[in-house]
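The values are calculated or read from the model by the stated rules, or taken from the named source; none is laboratory data. Note that the coordinates shown come from a computational prediction; the quantities given were computed from them, not determined experimentally. Heads up, the Cβs are rebuilt from the backbone with ideal geometry, glycines too, and the neighbour counts pull from every protein chain shown.
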Amino acid sequence: MILLSVSEISLILNAKSIGMNMNVLINTISTNSNEIKKKCMFIALIGKRYDGHDFIEQAVMAGAQAVLVNRYVSVNVPQIIVVDTYHALVKIASWLRDRVSSKVIAITGSSGKTSVKNMTVSILKNCGTVVSTQGNQNNLIGVPITLLNLTYQSDFAVIELGSNQLGELNKLSKIVAADVALVNNIFISHLSGFRSLKSIQQEKGEIFSGLACNGQVVINGDSNAVFMWNSMLQLKKRWWFSIYVKKEMDFFANNICIYPHGVRFILSSPYGVAPVFLSILGRHSVSNALAASALAFSVGANLSEIVYGLQNIQPLPGRLYPILLNDGKLLLLDDTYNSNVGSMIEAINVLSVMPGYRILVISDMLELGERYVAIQYHYYIARLISESKIDQILTIGNISYLISKNCKEGKHFHNKNKLIRYLLNNILFQNTYISILVKGSRSFQMERIVDIIRDQFECYSG
């Protein structure tokens, strides 16, 4: 963040300020009283289940140099009083965004947002200083907080935008005012907030509504959703990508070779062609790499910088993260970060090309709206698994039994302990090569299965 005094922030907000020393300097802002840093101002946000004003004393004791509130509080640090603390947070972030010359990239999509963001950041680190979304900070609070990390020295910002219901992306896109925007893909997800695939397409397209006047758009040529967004795109410069060889694409992949330890392909770009090896799994990773290549290219990266950045990217825990156990005879794939229809399809495709006996361990896919819709998609996944090269499917949850019931060698469990016991007693210590992929929606905490399997083998080998 740019170094600002409390009085300067008060002027930005056109707000009342109270305190002895209004020249106190601020270079970081927090909405969490447990994350107070030096020269920090605490903003007391108000949510449905919390009021940040209840944590002001804790924030000040932790070292907050000032507070931003919606009413007077009795503290010994300067305070800025506004009507709405969230709107004040957004106004500060927007003020800062307008004053820096950083090229800002906005990314959304049903899956792969974080992977594309990380790939893009890995490329752009070769070109300059980069600010990017950390953790799950892709929502209405996290996005302005991320923008506040910009300084006059920041060359790029790569911002991930998430949405669980209609209208959120429109707000976020206007806060970010991106120079380049991408909708990575469209899958069925968060139907409880969107109701239909068409609503998801409309919502994701809102990322283009806040684009800068001379903004650019990166488009997935393998998606038909772009035709819904033509009115928003108008005369924007467009960069197209596809995992298939298509002459009309700016970026595409050729000679894709999928291995148990990564993916190799030939990247075709406006700069020419180059071989790339990704240390991450799955054909979908090639699509993510092409999206990142196009984004980085649009803000000035050259081909060698793109290739170098892609080849330095490493898998993330919870996202098809490979763990080798039992002297390499067991490949455990941790895909427990979350689950929706699109990412489940990707997981099936990845496991199908892994070595040895292939086992898929999954929970229900949540947030699919009405129960009858969720049932239909679970049946659909069952059909895909039946047609794949997966040898066994183990399920847990209230709906996923429909998958194991309709798959050869399927078993359903009512709790994780029984599932883990079955794995340990019947499968994992066999003297044969096994690949097991564990995946589930966040609330099922499927990472516990991964942790126990890993711990058992570490104890066994030790």
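For F156, indicate whether it is closer than 27 Å to S285 by Cβ and either of a type in the set (D, E) or at pLDDT below 95 (or both). Walk me through it before giving the result.
Numbers: closer than 27 Å to S285 by Cβ: yes; either of a type in the set (D, E) or at pLDDT below 95 (or both): no.
Taking the combined requirement at face value, the residue does not satisfy it.
So if I check each of I56, I81, which one is of a type in the set (V, I, T) and in contact (Cβ under 8 Å) with a residue 60 or more places away in the chain? Spell out how you get there, then give the answer.
Working: I56 fails: in contact (Cβ under 8 Å) with a residue 60 or more places away in the chain.
Result: I81 is the single residue among I56, I81 that is of a type in the set (V, I, T) and in contact (Cβ under 8 Å) with a residue 60 or more places away in the chain.
Taking into account only those residues within region 1-51 that are more than 22 Å from N149 (Cβ to Cβ) and β-branched (V, I, T), which is nearest to the chain's Cα centre (by Cα)?
Here the answer is I46.
Taking only pairs six or more apart or across chains, which ones have beta-carbon atoms under 9 Å, a first residue in region 19-32 that is of a type in the set (G, A, S), and a second residue that is loosely packed, with under 15 Cβ neighbours inside 10 Å?
G19/N76; S30/K37
When both residues are 6+ apart or on different chains and their Cβ atoms are under 7 Å apart, which pairs have a first residue that lies in region 124-139 and is free of Cβ contacts under 8 Å to residues at least 40 places away in the same chain and in a loop (DSSP other than H, G, I, E, B), and a second that is crowded, with 17+ Cβ neighbours inside 10 Å and hydroxyl-bearing (S, T, Y)?
Qualifying pairs under 7 Å: T129/S154; T133/T146; Q137/T146.
Determine whether G210 is of a type in the set (G, A, S), touching a Ser or Thr at 6+ places or on another chain (Cβ under 7 Å), surrounded by fewer than 23 Cβ atoms within 10 Å (Cβ to Cβ) and farther than 26 Å from Y86 by Cβ.
Criteria not met by G210.
Under the condition of being of a type in the set (F, W, Y) and not in a helix (DSSP H, G or I), which residue from region 266-306 is nearest to G215 (Cα to Cα)? Give the derivation first.
Kept after step one, since they are of a type in the set (F, W, Y), are these residues of region 266-306: 271, 277, 297.
Cutting the leftovers down to not in a helix (DSSP H, G or I) gives us 271, 277.
Details: Y271: 21, F277: 31 Å.
Once the filter is applied, the top-ranked residue is Y271.
Which fully enclosed strands (runs of 3 or more DSSP E) of region 1-113 have 3 or more residues being among the hydrophobic types (A, V, I, L, M, F, W, C)?
Working: elements: 16-18, 28-30, 40-43, 66-69, 79-81, 103-108.
Fully inside region 1-113 and qualifying: 40-43, 66-69, 103-108.
Among L281, L267, L295, which is the only one that is among the hydrophobic types (A, V, I, L, M, F, W, C), touching a Pro at 6+ places or on another chain (Cβ under 9 Å), surrounded by 18 or more Cβ atoms within 10 Å (Cβ to Cβ) and more than 24 Å from M344 (Cα to Cα)?
Details: L281 fails: more than 24 Å from M344 (Cα to Cα); L295 fails: touching a Pro at 6+ places or on another chain (Cβ under 9 Å).
Only one candidate qualifies: L267.
Taking into account only those residues within region 203-230 that are hydrophobic (A, V, I, L, M, F, W, C) and in a strand (DSSP E or B), which is farthest from F297 (Cα to Cα)? Give the derivation first.
Applying the first criterion (hydrophobic (A, V, I, L, M, F, W, C)) to region 203-230 yields 207-208, 211-213, 217-219, 225-229.
Narrowing further to those that are in a strand (DSSP E or B): 217-219.
Working: V217: 12, V218: 10, I219: 13 Å.
Only one residue tops the list, namely I219.
Which pairs do you get when a residue that is within 12 Å of I105 (Cα to Cα), found in region 208-232, comes within reach of a residue that is of a type in the set (V, I, T) and at pLDDT below 80, reach meaning Cβ atoms under 9 angstrom, with the pair 6+ apart or on two chains?
Hits for this filter: V217/V226.
Across region 233-265, what is the number of residues that are free of Cβ contacts under 8 Å to residues at least 24 places away in the same chain, in a loop (DSSP other than H, G, I, E, B) and within 11 Å of V217 (Cα to Cα)?
Here the count works out to 2.
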